[in-house]
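What follows is a short report on a single structure.
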Amino acid sequence: MIIKILGTGCNKCEKIEKNLKEALDELKIDAKIEKVEGLTDIVKYGVMTTPALVIDEKVVSFGKVLSTKDLKKLL
């Protein structure tokens, strides 16, 4: 599983990364986390508001910081 965090490196992006790592750890899922910070690359996903989350090349969330609980549901 490859999970991408789309965002410019703001506090919200850092928070969703922290929550994502907690969710993966709690669910014992081994996944690769990648950060996509370039605006050109972010727009390629059709995302206009960040942070956004992409799981295996499918946009699953954008414009909000998901909690660890919400991320566990998505995973």
Here the residues within region 28-45 that are basic (Lys, Arg), assigned to a loop (DSSP other than H, G, I, E, B) and on the phi < 0 side of the Ramachandran plot are 44
Among what's in region 23-55 and is acidic (Asp, Glu) and within 12 Å of the chain's Cα centre (by Cα), pick the residue that is nearest to residue 12 (Cα to Cα).
37
Considering 50, 68, 8, which residue is in contact with a Gly (Cβ under 6 Å, 6 or more places away or on another chain) and surrounded by 13 or more Cβ atoms within 10 Å (Cβ to Cβ)?
50
Check whether at least one residue in region 62-74 is without any contact (Cβ under 8 Å) to a residue 40 or more places away in the chain, under 11 Å from residue 5 (Cβ atoms) and out of contact with any His (no Cβ under 9 Å at 6 or more places or on another chain), and report yes or no.
no
Restrict the check to region 63-70 and report whether at least one residue is of a type outside the set (Ser, Thr, Tyr) and part of a helix (DSSP H, G or I).
yes
Within region 1-20, how many residues turn out to be in a helix (DSSP H, G or I) and either touching a strand residue (DSSP E or B) at 6+ places or on another chain (Cβ under 7 Å) or on the phi > 0 side of the Ramachandran plot (or both)?
4
Residues of region 46-61 being touching a residue at least 40 places away in the same chain (Cβ under 8 Å) and assigned to a loop (DSSP other than H, G, I, E, B), in sequence order, are 47, 50, 51, 56, 57
Residues of region 13-40 satisfying the condition of being polar (S, T, N, Q) and crowded, with 16+ Cβ neighbours inside 10 Å
19
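None of the figures in this text is laboratory data; all of them are computed from the coordinates on show. Fair warning: this is a prediction, and the values are worked out from it, not measured in the lab. As a convention, Cβ positions derive from the backbone with ideal geometry for all residues, glycine included, and neighbour counts pool all protein chains shown.
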